[in-house]
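> Submitted below is the structure of interest, expressed as structure tokens.
The values are calculated or read from the model by the stated rules, or taken from the named source; none is laboratory data. On a predicted model such as this, the values are computed, not experimentally measured, just so you know. Neighbour counts run over all protein chains shown; Cβ positions are idealised from the backbone, glycine included.
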Amino acid sequence: MISPSQKRLVASLVVGAFIFLARPINALAETTFIYTFNEAINQTLGGPRGVNYSTFIPVTPSIINADAFVSLSGGGLTGAEGYAGLFARFLEQPDVLLGSWGVFQPGVFASITPRTFSAPATFTGLVVEWMPQGGNRQLSIPVGTTLTLSVPEPSTAAFLAAGAVVIVSLSRRRRD
């Protein structure tokens, strides 16, 4: 037979779960992390025609549990002599392509659309890959450019777990 305190416990858990699940999960469980570039990055990207090259732009400290690219406020690639791509680099998973540009296409980083990653991972920086086609490209990221990533909010799950522990402990006290 189920006691009245057990019924109240089950009812409280069901109501709590309903309230938790009825909210929009993205609005509840996501927060943004904004990284600001404090030093300008200016590089000439060149090399022999048809050879792939890459350069790494570290983000220090690394951003743990990044699960989506939101925006990059500025910077880009000028000079259109070659193919280029901008990637997000992680410790636990392969690079994720954020944007790509063909020959005679300038790369404007602020126009890159938001992108979700396959799983939350430790974001370590950006990678620019290029293949020259007879000329150079200029990479520039000005001081003050912001990189915004989405990171799951751990407090939501922690509050739910803490609430369940409190409810269970209160119900056990009432029985004793």
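> Answer yes or no: is there a residue in the range 62-73 that is over 13 Å from the mean Cα position of the chain (by Cα) and either at pLDDT 90 or above or closer than 21 Å to residue 151 by Cα (or both). Explain how you work it out, then say what you get.
Of the residues in the range 62-73, the ones over 13 Å from the mean Cα position of the chain (by Cα) are 73.
Still in the list and also either at pLDDT 90 or above or closer than 21 Å to residue 151 by Cα (or both): 73.
Yes, some residue in the range 62-73 is over 13 Å from the mean Cα position of the chain (by Cα) and either at pLDDT 90 or above or closer than 21 Å to residue 151 by Cα (or both).
> Regarding the range 144-153, can at least one residue be identified that is in a loop (DSSP other than H, G, I, E, B), closer than 22 Å to residue 79 by Cα and at pLDDT 90 or above? Steps first, please.
Here is the first cut: in the range 144-153, the ones in a loop (DSSP other than H, G, I, E, B) are 144-145, 153.
Then drop every residue that is not closer than 22 Å to residue 79 by Cα, which leaves 145.
In the following step, the residues that additionally are at pLDDT 90 or above were identified as 145.
Yes, there is a match, as at least one residue in the range 144-153 is in a loop (DSSP other than H, G, I, E, B), closer than 22 Å to residue 79 by Cα and at pLDDT 90 or above.
> Does the range 25-56 hold any residues that are touching a Phe, Trp or Tyr at 6+ places or on another chain (Cβ under 6 Å) and either under 23 Å from residue 150 (Cα atoms) or modelled with pLDDT of 90 or more (or both), and which are they? Show your work before the answer.
Our first condition is that a residue be touching a Phe, Trp or Tyr at 6+ places or on another chain (Cβ under 6 Å); within the range 25-56, this holds for 45, 47, 53.
Residue satisfying the conditions is 53 alone.
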